[in-house]
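Report on the structure given below.
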Amino acid sequence: MGRDHDDVISQLSLEQKASLASGADFWSTKAVPGIRRVTMNDGPHGLRVVDDIGLRSQKPATCFPPAVGLGSTWNPELQREVGEAIGREARALGVDIVLGPGINIKRSPLCGRNFEYVSEDPLVAGSFGQALVEGIQSQGVGASVKHFAANNQETDRMHVSVEADERTLREIYFPAFERVVKNAKPATVMCSYNRINGVYASQNEWLLTSVLRDEWGFDGVVVSDWGAVVDRVAAVEAGLDLKMPTATGDEAVLAAAQAGELPEEVLDRVARRIATLAERADSSRLGPVQVDYDAQHQLALRAALEAPVLLKNEGGVLPIAEQGSNRIAVIGEFARTPRYQGSGSSQVPSTRVEAALDALTEILGARVRFAPGFTFDEDADADADLAAEARELAAASDLTVLFLGLPDSYESEGFDRDSIELPANQLALLETVAAVTRDVIVVLSNGGLVETESWEFRARAILEGWLLGQAGGRALAELLVGRANPSGKLTESIPVKLEATPSYINFPGAEGEVVYGERVYVGYRYYDTLQVPVSYPFGHGLSYTEFEYADLSVTARDGGASVTFTVRNVGDVAGAEVAQLYRGDRHSAIDRPVHELVGFRKVFLEPGASQTVTIELDSRAFAYWSTTRHGWIVDEGLFTIWVGSSSRDLRLHGEVRLPAQGPAPRLTVFSPIAEWFADPVGARVLQGALAQLPDAHAFELDPTTNEGKMFAAIPLGHLLTMVPGAPQGAAAQLVAAYESALAAADPARVATAPAGA
Ligand code: BGC
């Protein structure tokens, strides 16, 4: 087949080409002469191979920790290994494309699908996405990074219009996708259901073609989310290659092509991309593969061991000594019946499941006694009896480990939550147990975050286990007894209450619209800038050891900076720390969050050992998006770099001076007089024009006086309408004169930047 598949495509009829623009059925593309059928299946944290629309004939697959858990490891190498393992199973099952990872930003803790997403921060989400895609695709199969873009809620997900300004999209909701597209080259990108500023993602040309392909260089196939296509023809034209599932609507595409309304080149483009995909994402390409499901399970365990976040550990109550003789009450249904993944299209039919209770009993023997404490379906009578039983057990034990969390019915794809509280029966149980013992350790299993503020004083330690996949129960047990040391970190801030979250008044919107009113101030960008208290900050996570940071050096390099520092394990057990780098910019021309994560590194250290870490920051780490200058801007000046253990535990800081970068500002009729005078070319043009006016002296105002300041703030166009004798259209003429003077003085600047709005 020729590189561009011209030989194959030239043999296809218009009907055949039009038919390639949609699926054959629920999970595959159509085959035409010369182009084979491509199969795809969910994803993302394991494989869900189903025969048709329903859930029948699922083939067992390893259930790795969902993104909420795997993301909390902050370990791209481990994430890549998990991607590889998923890719291996895909090959074995004959799946060409894995429908994941999902990397949408956690805008509100209420989003029902947050368990499938990674973080409130685009760098954390993007580096996770890159690692997963690289891993999956190393096995010759394709990945589908989803859901592009701004799919941050389930309420009205198929229709809601996300009303967000371009800067917010560019700085918060796009960069994770941009990173994956540029660095990992995913075979496909899945567009989201929602609209963005009124236009469905599936037919949004700006999104799917200008940004994704022209700017970021995406060269794969854009596939629709299942059922996301509304206008078939508009979607194809906008850059959507493959409508999934099924062929419904094909006739519209064909009819438009036959009527000459849809150029045949557009269908050639689709056919070429599908042909390329068929070659590129082929699970048989690397030959047969044997999957060792025990080894896959061991990897699921390793991943689950790095995910849980130790939120608090008063007086070092954890870990539980393996060799002790104290009696341990294990309470809570989750210990026996693990909640380890979420509901919806991502649900994996696991090969096996390990419960924490079994693993704890295996490790600690007869010291462990169990009481379920509550029911998942909140049955008042049963819960009262179970709580009484649990109280007795706690009173008769030396230590109580209480497994709480969100039952499956609390969160799922398809709907959002309306609260971030634990179920009332579990909170009541905690109160009951805490009344008879101070020694309570809470272990949480939940996909979306839960508030801890109202009850955490009752617990001496909290281990946030998120959802950990099929080996999660064993992982929790090993962490509790110190066979492994917690090293997960929060990828989302835990707010004091729902009402304190940045999107609170704008979530989930109404009447078909959701306004992203908090703009770029999502998660810690909001809490830390406005100094709003949180229960646990972004990036937080304790260890059974301690780390010290030292020797920061920050040096300007290639428009960015090179940052070096040392991390030392000063405790007496081995452990891992996620060192985080934040950038501050107090001099920028526009408002910015007080600091933003620009780098991180997970370091594994034996007791007493230290490691020197170097992180290179490119200019983008310092830039903001300017809507009028249409590009990434670095304002000249001093930037601060902080290094620390969470967004609120910053241990070192340094500064670096960078030059101005990005498209230069351009004067317009709306630019204030002060800006015209501040720009050397603008000042020359304006002064020349003013000199022609009879009352030119009126413009010679002292800029330090109030009168002068008032004058300086008036836009040129407005000012000229008040100047006697100024001809009609004078302002536009001045802008034109400025543009040609600029073209003569600084051609590069004119070439890179469109005139401002
Ligand atoms: C989900 C996607 C999923 C697809 C196929 C949709 O409802 O939003 O994430 O890949 O179904 O199951």
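The values are calculated or read from the model by the stated rules, or taken from the named source; none is laboratory data. Source: prediction; values computed, not measured. Cβ atoms come from the backbone with ideal geometry, glycine included; neighbour counts cover every protein chain shown. With ligands, DNA and RNA removed, areas are computed over all heavy atoms of the protein, side chains included. Shrake-Rupley method; radii C 1.70, N 1.55, O 1.52, S 1.80 Å.
Report, by residue number, each residue of the stretch 100-158 that is open to solvent by less than 10 Å² (accessible area, probe 1.4 Å), aliphatic (A, V, I, L, M) and within 12 Å of the ligand (Cβ to nearest atom). Across the stretch 100-158, the qualifying residues are 103, 143, 145.
Step by step: first the residues of the stretch 503-529, then only those that are within 22 Å of the chain's Cα centre (by Cα) and of a type in the set (A, V, I, L, M, F, W, C), then the one that is most open to solvent (accessible area, probe 1.4 Å). Which residue is that? Filtering first and then ranking leaves 505.
When the criteria are applied in full, residue 262 meets the requirement of being more than 15 Å from residue 144 (Cβ to Cβ), open to solvent by less than 40 Å² (accessible area, probe 1.4 Å) and assigned to a loop (DSSP other than H, G, I, E, B). Selection within the stretch 246-259: residues that are surrounded by 15 or more Cβ atoms within 10 Å (Cβ to Cβ) and within 36 Å of the chain's Cα centre (by Cα). The member of this set that is nearest to the ligand (Cβ to nearest atom) is 246. Of all residues in the stretch 463-517, those being acidic (Asp, Glu) and touching a residue at least 40 places away in the same chain (Cβ under 8 Å) number 4.
Residues checked against (1) within 16 Å of the ligand (Cβ to nearest atom); (2) open to solvent by less than 10 Å² (accessible area, probe 1.4 Å); (3) farther than 30 Å from residue 261 by Cα:
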position: 6; (1), (2), (3): no, no, no
position: 11; (1), (2), (3): no, no, no
position: 26; (1), (2), (3): yes, no, no
position: 61; (1), (2), (3): yes, yes, yes
position: 64; (1), (2), (3): no, yes, yes
position: 69; (1), (2), (3): no, yes, yes
position: 88; (1), (2), (3): no, no, yes
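Look at the stretch 540-551: where a residue is open to solvent by 60 Å² or more (accessible area, probe 1.4 Å) and a partner is small (Gly, Ala, Ser), sitting 6+ places away or on another chain with Cβ atoms under 6 Å, you get 546/571. Checking each residue in the stretch 412-452 for being assigned to a loop (DSSP other than H, G, I, E, B) and within 16 Å of the ligand (Cβ to nearest atom) picks out 413, 414, 416, 447. Checked against the criterion of being more than 26 Å from residue 522 (Cα to Cα) and buried (at least 17 other Cβ atoms within 10 Å of the Cβ), the stretch 587-600 has no qualifying residue. Consider the stretch 350-369 and keep the residues that are of a type outside the set (Ser, Thr, Tyr) and part of a loop (DSSP other than H, G, I, E, B). The one that is surrounded by the most Cβ atoms within 10 Å (Cβ to Cβ) is 354.
Residues of the stretch 424-436 that are over 34 Å from the mean Cα position of the chain (by Cα) and in contact (Cβ under 8 Å) with a residue 60 or more places away in the chain: 429, 433. Comparison of 657, 684, 666 shows that the only residue that is of a type in the set (Lys, Arg), within 47 Å of the chain's Cα centre (by Cα) and either over 30 Å from residue 598 (Cβ atoms) or surrounded by fewer than 17 Cβ atoms within 10 Å (Cβ to Cβ) (or both) is 657.
For residue 335, indicate whether it is more than 24 Å from residue 466 (Cα to Cα), more than 16 Å from the ligand (Cβ to nearest atom) and assigned to a helix (DSSP H, G or I). Answer is no for this residue. Of all residues in the stretch 90-99 being within 16 Å of the ligand (Cβ to nearest atom) and not in a loop (DSSP other than H, G, I, E, B), which is nearest to the chain's Cα centre (by Cα)? Of everything passing the filter in the stretch 90-99, 98 is nearest to the chain's Cα centre (by Cα). When 452, 437, 432 are screened for being touching a helix residue (DSSP H, G or I) at 6+ places or on another chain (Cβ under 8 Å) and either under 26 Å from residue 486 (Cα atoms) or open to solvent by less than 10 Å² (accessible area, probe 1.4 Å) (or both), only 437 passes.
Look at the stretch 221-236: where a residue is farther than 16 Å from residue 24 by Cβ and a partner is away from the ligand (no atom under 14 Å from the Cβ) and among the hydroxyl-bearing types (Ser, Thr, Tyr), sitting 6+ places away or on another chain with Cβ atoms under 6 Å, you get 230/200.
Residues being open to solvent by 40 Å² or more (accessible area, probe 1.4 Å) and within 16 Å of the ligand (Cβ to nearest atom): count how many of those fall in the stretch 227-245. Residues that pass the stated criteria total 2. The C-beta contact set for the stretch 145-159 (first residue free of Cβ contacts under 8 Å to residues at least 40 places away in the same chain and assigned to a strand (DSSP E or B), second residue of a type in the set (Phe, Trp, Tyr) and near the ligand (Cβ under 9 Å from one of its atoms), distance under 6 angstrom, 6+ apart or interchain) is empty.
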